[in-house]
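This report refers to the structure that appears directly beneath it.
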Amino acid sequence: MDALFYGVNVAAITPQRPDSAEVDLAAALDLLDYLEKAGVGGIALAGTTGEFLHYSIEERTRLLSFAVKRVRIPILAGVTHSSLAGTLALAHQAIEAGAAGLLCMPPYFFRYGPADLLEFFRQVAERLDSATPRFLYNIPFFTSPIPVDVSLTLLSEGLYAGIKDSSGDLAQFEQLRELRERKPFTLLVGNDVIYTKARQRGAHGVVSGVACAVPELMLGLNRAIDQGQAAKTERLEARLQEFIVWLHEFPVPVGVKEAVAARGLTVGPHAIPLPPATEAKRREFRAWLEDWIPTVLAEAVAAE
């Protein structure tokens, strides 16, 4: 299979201009430069970590157009919308901009059942007359879950090139992996919590929010898994999990944005103001990062 989006891909944040519903384009391009220089395989824009729902179709398209021109690595464009018409509009514009792939989750906010989702995803596929690969995006924490039977049907029919499964459910991952043995498709993990286990069991790669802040950790962990370096894998996996514990202290994606800011990049305001207790926890997290990041960077490149 084509190696597109294998390995470590980034679920990128979207820097926002202060007191505005607009993307901070200069900051976004700086972030793209930083991620490309780090050596990641691809970048997903306007996904959950990218807070796509805060931005208009026009803003999302503007960001994508500049991103495709800015970096040489493939861009996976989030085309999620609350409606079929909006999803198709975003998809057509992403194709025109030159995105390497389209990432499509179920329509957000309202809940839909299995039959609804099967029809929705079939309609998306059938109405996009393009060779641009389409990827299912299952993230049940924030919208209707894609039942594994629906995913298996769509992938079996060849309507989608792969799936980013952010459920964190290893049993579901195993069902997808078993299908892939009979029907080739790209199997990506979207939940960093289970990345190491899923990668060891055959996932092609990850679309990682953690990699937006510390790409070195995810790249080092990926190499250690590929090279069978058990001790290094265990050490970096422990670092990943302690970072995730901190992320769970905050609303998504506050923790990732704070960690990106700790790397010296502009992230803009959070979607809502932080209450005093969370603000205190945020300061504690930033102080923790001062010691943690240099240690992890050293461990990520160290020999086993």
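None of the figures in this text is laboratory data; all of them are computed from the coordinates on show. All values derive from a computational prediction rather than experimental measurement. Cβ sites come from the backbone with ideal geometry, for glycine too, and all protein chains shown count toward neighbours.
Details
- Relative contact order, percent, the chain [alpha-carbon distance under 8 Å, six or more residues apart]: 18
- Residue exposure proxy: 37, 281, ordered by other Cβ atoms within 10 angstrom of their Cβ from fewest to most, comes out as 37, 281.
- Dividing the helix sum by the residues of the chain, where each DSSP H run of 4 or more adds -39500 (n - 2.57), gives a mean residue ellipticity at 222 nm of -15500 deg cm²/dmol.
- Annotation: aspartates and glutamates with alpha-carbon distance below 18 angstrom to residue 281 (same-chain offsets under eight excluded): 242, 249, 258, 290, 291.
- Percent of Cα-Cα distances greater than 14 Å, calculated over segment 102-160: 50
- Long-range HN-HN contacts of residue 7 with modeled amide H, under 5 Å: 205, 206
- Spatially, segment 102-116 and segment 30-87 are offset by 20 Å when compared through their Cα centroids.
- Scanning residues 5 or more positions from residue 102 or on other chains, those with amide H under 5 Å from its amide H are 77, 134, 135, with H placed 1.01 Å from N in the peptide plane.
- Euclidean distance between Cα centres, segment 182-199 to segment 269-304, Å: 26
- For segment 116-133, 3J(HN,Hα) computed residue by residue from phi via the Karplus equation (6.51, -1.76, 1.60; θ = phi - 60°) reads 4, 5, 4, 5, 4, 5, 5, 5, 4, 5, 6, 8, 9, 8, 8, 7, 4, x Hz, glycine and proline entered as x.
- Annotation note: chymotrypsin sites (Phe, Trp or Tyr not before Pro) in segment 65-115 located in DSSP loop regions with a Cβ neighbour count of at most 11 within 10 Å are 109, 110.
- Structure remark: mean-square fluctuation, Gaussian network model of the chain, C-alpha springs under 10 Å; the largest value among 165, 129, 30 belongs to 129.
- Tensor-based shape of segment 7-301 (alpha-carbon gyration tensor, a/c under 1.5 rounded, otherwise prolate or oblate): oblate
- Max mean-square fluctuation residue, GNM over the chain, Cα-Cα springs under 10 Å, options 133, 269, 106: 269
- Gaussian network model of the chain, Cα within-10 Å springs - most flexible of 204, 248, 81: 248
- Rounded to the nearest 5, the antiparallel percentage of DSSP beta bridges internal to the chain is 5%.
- Computed 3J(HN,Hα) for segment 194-203, one whole-Hz value per residue from the Karplus formula 6.51 cos²θ - 1.76 cosθ + 1.60 where θ = phi - 60°, is 9, 4, 4, 5, 5, 5, 5, 9, x, 4, glycine and proline marked x.
- Cα-centred dipole magnitude for the chain, charges only on beta-carbon of K, R (+1) and D, E (-1), debye, nearest 20: 280
- Proxy reagent accessibility, fewest Cβ within 10 Å first, across 70, 180: 70, 180
- The residues 137, 55, when put in order of fewest to most other Cβ atoms within 10 Å, stand as 55, 137.
- Global geometry of segment 156-304, whether rounded, prolate or oblate, following the gyration tensor of its Cα atoms and the 1.5 cut on a/c: oblate
- Whole-Hz ³J(HN,Hα) from phi, Karplus 6.51 cos²θ - 1.76 cosθ + 1.60, for segment 296-301, glycine and proline x: 5, 4, 5, 5, 5, 9
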